[in-house]
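The values are calculated or read from the model by the stated rules, or taken from the named source; none is laboratory data. Computed from a predicted model, the values in this text were never measured in an experiment. Neighbour counts are summed over all protein chains in view; Cβ atoms, including those assigned to glycine, are modelled from backbone coordinates with ideal geometry.
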Amino acid sequence: MVKSPRLLDASSRRILAALDRDPRATVGWLADSLGLARGTVQNRISQLFDGRTLRPHSITAHPESLGYAVRAMVTAEVDQHRFDDAMVALREIPEIIECVAMSGVNDLLIQVVARDADHLYEIGQQILRCPGIRRTATSLVLKELIEHRIAQLLAD
């Protein structure tokens with residue numbers, strides 16, 4: 001279960017904004033450029049990697065650079081009595097890079113990547129074979145128009 005996010009103070013927001021611009025920035029550079037004590041920066045970074053603010057086990061890589069040229073959004077309807085079983089099975093499909101619960105007609109929005117159209121078809125079939133998945137619909141991502149971003153949320 002994801003913990004509720006806490007609100008960040010101005011110093012933590014400034015550190016995140018600097019890291020968003022340069023993810024490889026050192027603690028020393030951050031401290032100097034932001035006018036903060038080195039210990040303060042190190043402490044804040046440790047707090048940010050607590051699983052509620054920054055994802056401690058993730059980097060952002062473009063799937064294309066890993067051989068996954070196709071991206072799609074799959075909506076799925078789930079038998080609510082088998083929801084947990086469906087989630088266990090979906091986690092076993094490595095090409096699923098994100099899955100969120102939704103309100104409305106569909107229960108899940110699943111982002112998948114694939115090598116090509118045939119591979120996407122195979123992934124779709126794997127999803128349909130998951131216990132509790134009733135039906136799916138797949139939409140190809142043609143072009144990413146706005147990349148995942150948070151910098152605009154960090155502005156004071």
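When you check ILE110 against the structure, is it part of a loop (DSSP other than H, G, I, E, B) and within 19 Å of LEU140 (Cα to Cα), yes or no? When the stated conditions are applied, ILE110 does not pass them.
Do we have any residue at all in segment 29-49 that's touching a strand residue (DSSP E or B) at 6+ places or on another chain (Cβ under 6 Å), modelled with pLDDT of 90 or more, in a helix (DSSP H, G or I) and surrounded by 11 or more Cβ atoms within 10 Å (Cβ to Cβ)? Looking through segment 29-49, none of the residues is touching a strand residue (DSSP E or B) at 6+ places or on another chain (Cβ under 6 Å), modelled with pLDDT of 90 or more, in a helix (DSSP H, G or I) and surrounded by 11 or more Cβ atoms within 10 Å (Cβ to Cβ). The numbered conditions (1) more than 16 Å from ILE150 (Cβ to Cβ); (2) modelled with pLDDT under 95 are all true for VAL74 except (2).
Among the residues making up segment 72-98, those that are more than 18 Å from the chain's Cα centre (by Cα) and either under 14 Å from GLU122 (Cα atoms) or of a type outside the set (A, V, I, L, M, F, W, C) (or both) are GLU77, ASP79, GLN80, HIS81, ARG82, ASP84, ASP85. Taking first residues from segment 120-137 that are under 22 Å from TYR68 (Cα atoms) and partners that are hydroxyl-bearing (Ser, Thr, Tyr), the Cβ contacts under 7 Å between residues at least 6 apart in sequence or on separate chains come to GLY124/THR136; GLY124/THR138; ILE127/THR136; LEU128/THR136; THR136/THR75; ALA137/THR75. Does segment 51-71 contain any residue that is part of a strand (DSSP E or B) and modelled with pLDDT of 85 or more? Within segment 51-71, one or more residues are part of a strand (DSSP E or B) and modelled with pLDDT of 85 or more.
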